[in-house]
Amino acid sequence: MPALTPPLRDAAVLVPLYRDTAGQLRLVVIRRTDFGVHGGQLAFPGGKRELQDASLEATALRETEEEIGLPAAQVRVLGKLPPIVTEVSGFRIWPFVGHIEPPAQWQWQPTEIAEVLSVVVDDLLLPDARVTETWQLPGWPAPMAVSFYRVGPYPLWGASYRMVRALLPRLVAGEFII
């Protein structure tokens, strides 16, 4: 008899986009602090759905304000990306694409967030921006091929990578007006 898989827990993230003063389209990502399961990794602001959240969109907006201080009033949700299932952590993550008004200075939650990064979307479209390497991480039974985007000195991989892979063709096609 196969082992029972626990039900997936719902989570939501905001995929924040804006145009800088030069008109370049930018994507906001966070780098988690070095603690916890996802320590040091790049991600989008978000987290698990709470009972008080009226919807998954509300979850994404609440978590974004808690983590990086961006109030919902400064976000215009443009749509969503397909949900991402994370087998290891047991989440179904719902990404919401939002056009934001970035603050002059980010105010992030220092116990969860190490920094907020603003990435030029055109840089992610360059041929050498996407890389595949063989990694061996703690807890992995064997080395595995991992695809990621280079974001400065950091790899953007895992669920966030999968979200960006789904986002980029839609941005290129002009699906979201930003």
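Of the solvent-accessible surface of the chain, computed with a 1.4 Å probe over protein heavy atoms with every protein chain present, carbon and sulfur atoms account for 57 percent. Legend: Rg and Dmax of the range 3-108, from Cα coordinates, 14.4, 54 Å. Over the chain, Cα pairs under 8 Å with separation of 6+ residues give a relative contact order of 25 percent. Fully extending the segment from Ala72 to Ser89, taken as 0.36 nm per residue of separation minus the present Cα-Cα distance, adds 3.4 nm. Between the residues Leu126, Gln24, Gln74, the greatest Cα displacement towards the positive end of the dipole of the chain, with unit charges on the Cβ of Lys, Arg, Asp and Glu, is found for Leu126. Taken along its principal axes, the alpha carbon cloud of the range 55-98 reaches lengths of 33, 21, 16 Å, longest axis first. Using a probe of 1.4 angstrom and keeping all protein chains present, the accessible surface of the chain works out to 56 square angstrom per residue. Pairwise inverse Cα distances across the range 115-178, averaged and inverted, put the Kirkwood hydrodynamic radius at 13.2 Å. Rolling a 1.4 Å probe over the protein chains gives Trp108 an accessible area of about 90 Å². Here Arg162 sits with roughly 110 square angstrom of accessible surface, probe radius 1.4 Å. With Cα atoms as the point set, the radius of gyration and Dmax of the range 98-144 evaluate to 16.6, 45 Å. Its alpha carbons give the chain an Rg and a Dmax of 16.3, 60 Å. Length gained on full extension, Thr132 to Lys48: 27.3 nm, using 0.36 nm per residue less the C-alpha separation.
The values are calculated or read from the model by the stated rules, or taken from the named source; none is laboratory data. Predicted, not measured: the structure shown is a model, and the values here were computed from it. Cβ sites come from the backbone with ideal geometry, for glycine too, and all protein chains shown count toward neighbours. Quick note on the areas: whole protein, heavy atoms, side chains included, nothing else; ligands and nucleic acids left out. Shrake-Rupley method; radii C 1.70, N 1.55, O 1.52, S 1.80 Å.
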